[in-house]
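Below is one structure, written out as structure tokens, with a few remarks after it.
The values are calculated or read from the model by the stated rules, or taken from the named source; none is laboratory data. Predicted model, so just to flag it, every value in this text is computed and none were measured. Here the Cβ positions follow ideal geometry from the backbone for every residue, glycine too, while neighbour counts run over all protein chains shown. All accessible areas refer to the heavy atoms of the entire protein, side chains included, with ligands and DNA or RNA removed. Shrake-Rupley method; radii C 1.70, N 1.55, O 1.52, S 1.80 Å.
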Amino acid sequence: MTAKIATITSGKGGVGKTTATANIGVALASMGKRVVCIDADIGLRNLDVVMGLENRIVYDLVDVVEGRCKLRQALIKDKRLNGLYLIPAAQTRDKTAVSPQDMIKLADDLRSEFDWVIVDSPAGIERGFRNAIAPADVVLVVTNPEVSSVRDADRIIGLIEAEEKGPGKLIVNRIKPEMVKRGDMLDTPDILDVLAIELLGIIPEDEHVIVASNQGLPVAMDPKSRAGRAFMNTARRLDGEDVPFESLEGADGFFGRLSRLVKPGGEG
Amino acid sequence: MSFFNRLLGENRSSAKSAKERLQLVLVHDRADLSPGNLEALKDEVIDVISRYVDIDRRAVSISLTKDRNEQRLVADIPLANARRRRGSAG
């Protein structure tokens, strides 16, 4: 196995990076892939609770980097889903405890044992963000359909390009189709028009996401959830499958326009 | 559309405003040139050009535009009209 490293980032906080990381990780594992999610938000650990693995932490990312444990010891195995692992962030340290080189080495050590390494980046554009994108083969930029969030996504895309990590791929999170329909929310083609990068996923606003995080069960584990299905499709596209953007991700018609927009460029 | 927009009889969707505001702010972000600095640039350009030719200062417009991948600083600098120029020369 030679893992691909995908870093999930956004610039702005609170747009759904951690939720996306957990769910794409779950989705890829449910497709039979071996996946490790890494929480790179040192000092503000959260991926563990979203994944429901918070009670199993013994060692963390900083312990691995500083040689206090073996890499294998810091890998928490998700017992509900075969092939899914987590490396949690340290909670009592800060971003300076890890360097971009440490992250590259860690990712390289994981490559031989996994299909996918998903790195959850902290918000911001400083050290933590640079740590998170250092090992990335592909960078996924999460945005909400809001002016502030899209603006920050544009800034992040510029920084990713400056680091020669490619233009990145976009995940539009928390779309409300009914607001889009009445002209009160930016729709995905508008956002693509402004940011000019490839679209990887559209995740509709869905109360299941909060219920899921209350319980520590990522929503991609719930086939009844629209957001869960959208994350599944996003993961399949990430893995190279050609999955159309269709009505199951939201209101019909609206997404029909989108698939025409996305098709010509080709995916994956 | 919001209640207020409807109340004011405005036919503009808030999503449209969002897109336009975004495009404008991103043009400045990407060029790393704030609207304030652009204004200062404009004043200096007016001063420099005025040393060589009589221009209509109030009609000068300098703006950032973007088409596809290219960003451009576009200046429109109308010259003061010939009659006035003759008048001021004589």
When the solvent-accessible surface of protein heavy atoms is calculated with a 1.4 angstrom probe, in what order do A:THR2, A:THR234, A:THR18 fall, highest first? A:THR2, A:THR18, A:THR234
Let me know the volume per residue of the alpha-carbon convex hull for the protein assembly as shown, in Å³. 174 Å³
Average partner coverage of A:171-182, which counts Cβ from other chains inside 10 Å: 1
Under DSSP loop assignment and at most 11 Cβ neighbours within 10 Å, longest GluC sites (Glu not before Pro)-free interval of chain A: A:1-125
How large is Rg over Rh for segment A:108-233, taking Rg from the Cα atoms and Rh as the Kirkwood inverse mean of 1/r across Cα pairs? 0.98
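Calculate the mean, over all residues of peptide A:142-149, of how many other protein chain Cβ atoms lie within 10 angstrom of the residue's Cβ. Kindly include the intermediate steps, with their values, before the conclusion.
On the way: counts 0, 0, 0, 2, 2, 7, 2, 0.
Per residue, the number of nearby Cβ atoms from other chains is 2 on average.
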If you take the accessible area of A alone plus B alone and subtract the pair, what total do you get in square angstrom, rounded to 100, with a 1.4 Å probe? 1300 Å²
Volume per residue that the Cα convex hull of segment A:90-145 spans, once the total is divided by residue count, Å³: 105 Å³
Net charge contributed by nearby residues that have their C-beta within less than 9 Å of A:ARG34 (K/R +1, D/E -1): -1
Expressed in angstrom, Rg and Dmax over the Cα atoms of segment A:16-137 are 12.8, 35
17 Å cut-off, amide nitrogen to a point 7 angstrom out along B:ARG21 Cα→Cβ, residues in segment A:150-175: A:150-154
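Using a Förster radius of 22 Å, what is the FRET efficiency between A:THR92 and A:ILE210 based on their Cβ-Cβ separation? Nearest 0.05, please.
0.20
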Please give the helix A:100-111 orientation as an angle from the longest Cα principal axis of chain A, in degrees from 0 to 90, rounded to the nearest 10. 90 degrees
Amide H of A:ILE38: which non-local residues (sequence gap of 5 or more, or other chain) have their own amide H closer than 5 Å, using H built in the peptide plane? A:ILE87, A:ILE118, A:VAL119, A:ASP120
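Where does chain A land at 222 nm, in deg cm²/dmol rounded to the nearest 500, when only DSSP H runs of n ≥ 4 count, each adding -39500 (n - 2.57), divided by all residues?
-11000 deg cm²/dmol
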Between A:LEU140 and residues 5 or more places away or on another chain, the pairs with built amide H atoms under 5 Å apart involve A:THR7, A:ILE8, A:THR9, A:LYS169
